[in-house]
Structures are given as C-alpha cells and as structure tokens.
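To start, the structure under review is shown below, and the notes come after it.
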Amino acid sequence: MPFINTRDGRLYYEVHDLTPPWVKSPAAVLFHHGIAADRHHWSDWLPQFCTSNRIVVLDARGSGLSGVPGPGFDWTLDQLAGDVLDVAQAAGANRFHFVGDSIGGTVGLHLAIHMPDRLLSLTAANCAARGRELREIQGWPALIDQRGQQGWAEELLARRFPPGSLPVPQHDWFARQLEAFPLPVALSLSHVMMHADLTAELPRITVPTLLLCGEPAPFVPHTHMAEMRELIPAAELQHYAEALDGLIISHAQACALATRAFHFRRASPQRLDFPHVV
C-alpha cells in the first residue's frame with residue numbers, strides 16, 4: 001500500500017494508470033475529498049479519466065487509511081496544501097489537474113493562489129472561500145451534543161443527498177462512514193473552513209478554474225459560488241438543479257464529464273490560451 005511518512009503521520013494515496021501506450025505523458029488528475037469522506041467518494045468519476053490521465057486519489061489527513069493526528073495538532077490550509085504537494089511528489093506529478101470537494105475545493109483555491117505553477121487546472125465543488133457564511137457547519141458542535149454522532153450523520157446525509165438520489169447500498173455505505181468518522185477531525189476541519197477567508201486573494205488565481213455547485217445547497221449557497229466566479233479571472237461556473245452538497249456523488253457522471261470537457265477545452269497543454277467560455 002502506498003503511504004507517505006510525514007513528520008505529522010502517514011498519508012495514504014493511490015495511483016491509477018490505465019492509459020493505453022499511445023497516450024504519451026498523460027497528465028495527472030489529483031482528487032481531494034471533503035470533510036467526513038475519503039478517496040472512495042470519487043469512485044464514479046474515475047472511469048471518465050482512467051484512459052486519458054494518471055489518477056491520484058488520497059485519503060486526506062485524518063480520513064480513510066491516513067493517520068489521525070492527536071490532540072493539539074495545528075490544522076491549517078497551509079498544512080493541508082502541503083499534504084497535497086507531498087502526495088503529488090510521491091506520485092511523480094510535478095504539475096497536475098486538481099479536483100476538490102468541500103474543504104478539498106478550498107485547499108485547491110489556496111494552492112491556486114500560492115502555488116499556481118503546480119496546477120494545470122482547478123475544479124472546485126461546493127467549496128467556500130469565506131467560511132463565516134457556513135451556517136450549517138457552525139451548528140455541528142451543538143448538533144453533536146444534542147443528538148450524538150448518529151444524529152449528526154443523519155443530518156449530514158439529509159443535506160447531502162435528496163431522497164432517493166442514491167441506490168440503497170451506496171446510501172447505507174455513506175451512512176456507516178459518517179457514523180464511524182473521527183469527530184475531532186471533522187470538527188477541526190470545519191474550524192479551518194469557518195475561519196478561512198480567501199476572498200481578497202481570488203483575483204490572483206490565473207489557472208483555469210471550474211466551479212461546480214448544487215442548487216439549492218445547504219452548506220455553500222449558490223450565491224457564494226457565483227461571487228467566486230466573478231472574482232476569479234476567467235473562471236467558469238456550472239450549477240446543477242435539484243442537487244445538494246453531495247453533488248460530486250449524486251451527480252458524479254455529469255460532473256466528471258463536465259470536468260473532463262473543461263480540461264480539454266481550457267487546460268490541455270495546447271489549449272491553455274483558449275478564451276473564457278460562459
């Protein structure tokens with residue numbers, strides 16, 4: 001199993017490369033999941049990329065098979081972005097397309113601002129640049145005190161997926177994952193998101209950027225994503241009706257196809273200078 005041993009614990013990642021021999025030097029696509037999730041959240045995306053790209057999926061620190069930091073760990077966007085770069089280096093990806101959901105998207109914004117030379121493109125789904133607007137997340141501690149982890153998990157599921165939007169086995173798998181996720185990690189990551197404010201730096205982003213959002217979305221409102229689209233030069237915004245915050249799962253195929261088309265149109269090596277498409 002591919003692990004990276006860092007000063008702050010182990011990180012788990014996987015590289016999937018099914019590209020045929022005539023695809024020369026395939027670009028890497030690195031996927032970063034959100035809070036209370038792991039690498040499996042991208043499973044339905046991978047078939048759209050596996051024959052054209054090297055795929056890198058990671059379990060972010062504290063998630064999946066990666067190590068869980070102890071009390072007092074300093075959770076920051078800098079630390080989370082550093083983990084991404086460590087995984088990319090281990091996977092042999094000097095430059096890569098970055099696809100992130102929730103806090104993974106916020107990490108992508110941070111990378112695009114501070115490490116633009118490492119990214120071929122950025123796709124960010126249901127992410128926030130200004131965390132003080134995340135009212136639902138601010139209520140997590142009280143919700144956990146009142147209803148425990150199972151009640152918290154039930155509330156998150158209801159806000160991520162419309163009724164009947166997932167097959168029962170898939171829905172039940174996500175329920176079990178939420179019920180077992182380390183709560184200190186979820187609360188620490190929510191604290192990072194709530195105190196992030198990248199708004200003033202968004203105009204610095206020059207990498208091709210695709211924003212994906214559901215409408216309505218309980219955690220990150222569509223208006224916030226629309227504001228980000230106006231602030232990031234030449235960004236594109238794709239929204240999906242009847243989608244909640246589990247957009248990357250409930251609408252996985254549509255989002256993956258849109259992202260792959262975006263890569264080809266805006267961020268393939270021979271098309272990096274293509275004009276903005278609304």
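The values are calculated or read from the model by the stated rules, or taken from the named source; none is laboratory data. Here the structure is a predicted model, which is why all the values come from computation and not from measurement. Reconstructed Cβ throughout: ideal geometry from the backbone, glycine too, with neighbour counts over all protein chains shown. SASA here: full protein model, heavy atoms, side chains in, ligands and nucleic acids out. Shrake-Rupley method; radii C 1.70, N 1.55, O 1.52, S 1.80 Å.
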Seminar exercise, completed: Residue-normalised 222 nm signal for the chain, counting each DSSP H run of n ≥ 4 as -39,500 (n - 2.57), nearest 500 deg cm²/dmol, is -11000 deg cm²/dmol
Problem set entry | Projected-area mean, the range 83-174, by convex hull of Cα positions, square nanometres | 8.0
Problem set entry | If the convex hull is drawn through the Cα atoms of the chain, its volume per residue in Å³ | 123
Exercise. Highest mean first, what order results for 28-41, 79-92 on Cβ atoms within 10 Å?
Worked result: 28-41, 79-92
For this session: For the chain, give the percent of accessible area contributed by carbon and sulfur heavy atoms, probe 1.4 Å, rounded to a whole number.
Result: 55
Problem set entry | Burial order of peptide ranges 193-201, 141-149 (average beta-carbon count within 10 Å, highest first) | 193-201, 141-149
Seminar exercise, completed: Check: C-alpha center the range 191-241 vs C-alpha center the range 82-117, spacing in Å is 16
Seminar exercise, completed: Between the modelled labels at Val23 and Gln170 (7 Å from Cα along Cα→Cβ) the distance in nm is 2.2
For this session: Find how much the distance from Thr199 to Thr6 grows on full extension, using 0.36 nm per residue of separation minus their present alpha carbon separation; answer in nm with one decimal.
Result: 66.4 nm
For this session: Out of all DSSP beta bridges with both ends in the chain, state the antiparallel percent to the nearest 5.
Result: 30
Exercise. If you take the alpha carbon radius of gyration of the range 46-96 and divide it by 2.2 N^0.38 Å, what ratio comes out, to two decimals?
Worked result: 1.35
Problem set entry | Assigned charges on the beta-carbon of Lys, Arg, Asp, Glu; the chain dipole about Cα centre (debye) | 660
Problem set entry | Spin-label proximity, Gln150 to the range 157-175 - amide N less than 17 Å from point 7 Å beyond Cα toward beta carbon | 157-158, 172-175
Problem set entry | Acute angle (nearest 10 degrees) that the helix 140-160 long axis makes with the longest principal axis of the chain, alpha-carbon atoms | 40
